[in-house]
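The values are calculated or read from the model by the stated rules, or taken from the named source; none is laboratory data. No experiment lies behind these values; they were computed from the predicted model shown. Glycine gets a Cβ as well: all are built from the backbone with ideal geometry, and neighbour counts include every protein chain shown.
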Amino acid sequence: MSPFRSYMDLALAEARAAALRGEVPVGAVVVAPGGQVVAQAGNRTRELNDPTAHAEVLAIRAACAVAGGERLPGHDLYVTLEPCPMCAGAISAARIARLYYGAADPKSGGVAQGPRVFAHPQCHHVPEVYDGIGAAEAAALLTGFFSGRR
Ligand SMILES: [Zn+2]
């Protein structure tokens, strides 16, 4: 199993755990330059009554606490769904080196569509972006979650 695959599998496990909590199933993992997982999180917007408690934001907060700083140079972020504009902004502010994401998000994504945050001239730090990793599983989780709620 490649490291890319296993980190995304960890993010998918966080997404599944989020679904079990009644949250939109999105999971994120932050990996330090040495390859160790320093943070992993799933969505907790409902549990925390916090619209900013997206998986990426929670994982970045936890990783910054570990790093003891507001930036995460050299760190990678794995997330099961294309980040929204808010999370893309946080990823840039944290100076994440590489972003790996799974499913595209035509409704709320802000990386490859919508505001395309990283392509904006005001974006001061642009990570390398790799999409489509584990996309089928991530999309199936979301589809299952939303169909189960009707
Ligand atoms: Zn977000």
Tell me whether segment 28-45 contains one or more residues that are of a type in the set (Val, Ile, Thr), more than 20 Å from His120 (Cβ to Cβ) and within 12 Å of the ligand (Cβ to nearest atom). yes
Which numbered condition Leu12 fails, given (1) more than 19 Å from Gly132 (Cα to Cα); (2) more than 16 Å from the ligand (Cβ to nearest atom): (1)
Exception for Val24 within (1) crowded, with 16+ Cβ neighbours inside 10 Å; (2) in contact with a strand residue (DSSP E or B) (Cβ under 7 Å, 6 or more places away or on another chain); (3) among the aliphatic types (A, V, I, L, M) falls at (2)
Quick check: anything in segment 74-91 among the hydroxyl-bearing types (Ser, Thr, Tyr) and under 19 Å from Val29 (Cβ atoms)? yes
Kindly evaluate Glu70 against the criterion of being within 14 Å of the ligand (Cβ to nearest atom), in contact (Cβ under 8 Å) with a residue 24 or more places away in the chain and among the charged types (D, E, K, R). no
Segment 37-66: number of residues that are free of Cβ contacts under 8 Å to residues at least 24 places away in the same chain and surrounded by 16 or more Cβ atoms within 10 Å (Cβ to Cβ): 3
Within segment 112-150, how many residues are of a type in the set (Ser, Thr, Tyr) and over 17 Å from the mean Cα position of the chain (by Cα)? 2
When Pro3 is evaluated against the numbered criteria (1) more than 18 Å from Ala139 (Cβ to Cβ); (2) at pLDDT 95 or above, which criterion, by number, is the only one it fails? (2)
The one condition in (1) touching a helix residue (DSSP H, G or I) at 6+ places or on another chain (Cβ under 9 Å); (2) away from the ligand (no atom under 15 Å from the Cβ) that Ala63 fails to fulfil: (1)
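Residue by residue through segment 95-120, note down the ones that are within 13 Å of the ligand (Cβ to nearest atom) and assigned to a loop (DSSP other than H, G, I, E, B). Can you show your working first?
Just the residues of segment 95-120 that are within 13 Å of the ligand (Cβ to nearest atom), to begin with: 99, 101, 105, 107-111, 114-115, 117.
Across segment 95-120, the qualifying residues are Asp105, Lys107, Ser108, Gly109, Gly110, Val111, Gly114, Pro115.
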Go through Gly34, Gly69 for me and flag whichever is at pLDDT below 95 and surrounded by fewer than 14 Cβ atoms within 10 Å (Cβ to Cβ). Gly34
